[in-house]
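Quick notes on the structure that follows.
The values are calculated or read from the model by the stated rules, or taken from the named source; none is laboratory data. All values derive from a computational prediction rather than experimental measurement. Note that we place each Cβ from the backbone using ideal geometry, even for glycine, and neighbour counts take in every protein chain shown. Just so you know, the surface numbers come from the protein's heavy atoms only, side chains and all, with ligands and any DNA or RNA stripped out. Shrake-Rupley method; radii C 1.70, N 1.55, O 1.52, S 1.80 Å.
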Amino acid sequence: MTAPIALFDVKAQQALIRPELDRRIAAVLDSGRFINGPEVAELEEKLAAFAGCAHAVGVSSGTDALQIAMMAEGIGPGDAVFLPAFTYTATAEVPLVLGATPIFVDVSSQTFNIDVDDLERRLDAVKRDGKLKPRAVVGVDLFGLPADWTEIEAICAREGMFALDDAAQAFGGSLGNRRLGCWGQATALSFYPTKTLGAYGDGGALLTNDPDRAELYRSLRTHGEGRTRYAVERTGMNGRLDTIQATILIAKLALLEGELEQRRRIGAAYDAALSGRVGIQATPKGMESARGLYTIRLPDAATRTRVQAALSAQQIGSGIYYPKPLHHQPAYAAHHAASITGGPAPLPVSEALCDQVLSLPMHPYMSEADAQRVSEVVLGAL
Ligand SMILES: *Cc1c(COP(=O)(O)O)cnc(C)c1O
């Protein structure tokens, strides 16, 4: 009997640093500074240095990072926020919570990320329709692969729109010689436990090179407070990162560079075993994926069911990210239909991918031989 291979593994890493974690958590317990302890500022400095950007602001989750970023721009009713239809629900939820309208954009069949030609078409449609004001593009770096930030930045600059990077799955990825975190005008990170940098609970951060935005984010995460604690200058929220999560993240951040290296090795082993046999997420030249998830594309839903069953029989984990495009979700379908007079154009690639994608085990504590074994089971079930 061969050993099981999990989709994610949060235990192997913990075993490596458990004494340090115990020591760090005990120090916070002793200090009693559970909110805004010095570890939060220390983590923020380290995150900014890692990404190569000027400012990092710790917040309570990736979703709250997206929300604070959009609140800071004053995004609300009458505003159009462009985002991919093939992503996690949080990306679309935030504009709706703020009263804005998400405009779903189709994705590339090669990279699974936002298709900039389709973005241009939908931007034209919104302008022609005249109901909504184009305000922002949220590029998502799906499964760790950077979106086409050179193009997204150019479109946003031309149109006066806010460029927000949802890098929740991609901390550690890069384009050219710039890491994610300094693309667009702001970047949202999530520290959900299974992300490339994960806490032991919820957490997130906003990264930006703009000092004014960073100051606004600090204010908004603490109820819109001004320079003194009880001066409320704007409507904010309780969106802070707590000290215990910050100290855990400091310990884990020290491992991240090596973990990304191992993720790259696993990704390369999968690519070598699978490309040409199944669809793989193509990494454009000059990009480095953080390899948050390793996701393949199979011919159809029946093949996917068969492959998943074969993996499961060998105690190999797998997952479907995502089974439904956002414009088909009950909570969003009506908003989508009403977003453009006469109805928006179809989103065929997003719809097809939801029937075809399958994510395979990907974490830094598996081996290239594990990736090889998983690949053999996949190929054997085709
Ligand atoms: C995980 C994730 C989020 C939300 O992050 P939370 O920390 O869970 O709130 C947002 N966008 C994407 C693409 C994600 O994968």
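Results, tabulated for the structure shown:
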read-out: From Ala51, Ala80, Ala72, Ala85, residue being more than 15 Å from the ligand (Cβ to nearest atom), at pLDDT 95 or above and within 17 Å of the chain's Cα centre (by Cα); value: Ala51
read-out: Filtered residues of the stretch 75-89 (kept if in a loop (DSSP other than H, G, I, E, B), over 13 Å from Gly99 (Cβ atoms) and not β-branched (Val, Ile, Thr)); value: Ala85, Phe86, Tyr88
read-out: Criterion: closer than 21 Å to Ser339 by Cα and either within 15 Å of the ligand (Cβ to nearest atom) or not small (Gly, Ala, Ser) (or both) - qualifying residue of Arg158, Arg135; value: Arg135
read-out: Residue match in the stretch 299-310 (condition: within 24 Å of Leu7 (Cα to Cα), hydrophobic (A, V, I, L, M, F, W, C), open to solvent by less than 40 Å² (accessible area, probe 1.4 Å) and assigned to a loop (DSSP other than H, G, I, E, B)); value: no
read-out: Among residues of the stretch 232-252, those that are open to solvent by 20 Å² or more (accessible area, probe 1.4 Å), under 22 Å from Ala188 (Cβ atoms) and of a type in the set (A, V, I, L, M, F, W, C), counted; value: 2
read-out: All positions within the stretch 96-120 that are in contact with a Ser or Thr (Cβ under 7 Å, 6 or more places away or on another chain), within 26 Å of Gly130 (Cβ to Cβ) and not acidic (Asp, Glu); value: Thr101, Ile103
read-out: Among (1) free of Cβ contacts under 8 Å to residues at least 60 places away in the same chain; (2) under 20 Å from the mean Cα position of the chain (by Cα), the one test that Leu206 misses; value: (1)
read-out: Filtered residue count, the stretch 107-156, keeping only those that are over 21 Å from Thr187 (Cα atoms) and outside any helix (DSSP H, G or I); value: 7
read-out: Every pair of residues 6+ apart whose Cβ atoms lie under 7 Å, when the first sits in the stretch 147-165 and is in the same structural domain as Ala282 (by TED's automatic domain parsing) while the second is of a type in the set (Val, Ile, Thr); value: none
read-out: Odd one out for Thr111, checked against (1) closer than 17 Å to Pro344 by Cα; (2) surrounded by fewer than 24 Cβ atoms within 10 Å (Cβ to Cβ); (3) of a type outside the set (Phe, Trp, Tyr); (4) within 16 Å of the ligand (Cβ to nearest atom); value: (1)
read-out: Any hit, the stretch 268-275, residues being within 16 Å of the ligand (Cβ to nearest atom), at negative phi and open to solvent by 20 Å² or more (accessible area, probe 1.4 Å); value: no
read-out: Residues being within 8 Å of the ligand (Cβ to nearest atom) and either open to solvent by 10 Å² or more (accessible area, probe 1.4 Å) or closer than 19 Å to Thr150 by Cβ (or both) - total across the stretch 168-211; value: 6
read-out: Which listed residue, of Asp165, Asp141, Asp148, is more than 14 Å from the ligand (Cβ to nearest atom) and either among the β-branched types (Val, Ile, Thr) or modelled with pLDDT of 95 or more (or both); value: Asp148
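The rows are residues; the columns are (1) of a type in the set (Lys, Arg); (2) touching a strand residue (DSSP E or B) at 6+ places or on another chain (Cβ under 8 Å); (3) in a loop (DSSP other than H, G, I, E, B).
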position: Gly184; (1), (2), (3): no, yes, yes
position: Pro193; (1), (2), (3): no, no, yes
position: Asp202; (1), (2), (3): no, no, yes
position: Arg213; (1), (2), (3): yes, yes, no
position: Ser219; (1), (2), (3): no, yes, no
position: Tyr230; (1), (2), (3): no, no, yes
position: Leu249; (1), (2), (3): no, no, no
position: Ala254; (1), (2), (3): no, no, no
position: Glu257; (1), (2), (3): no, no, no
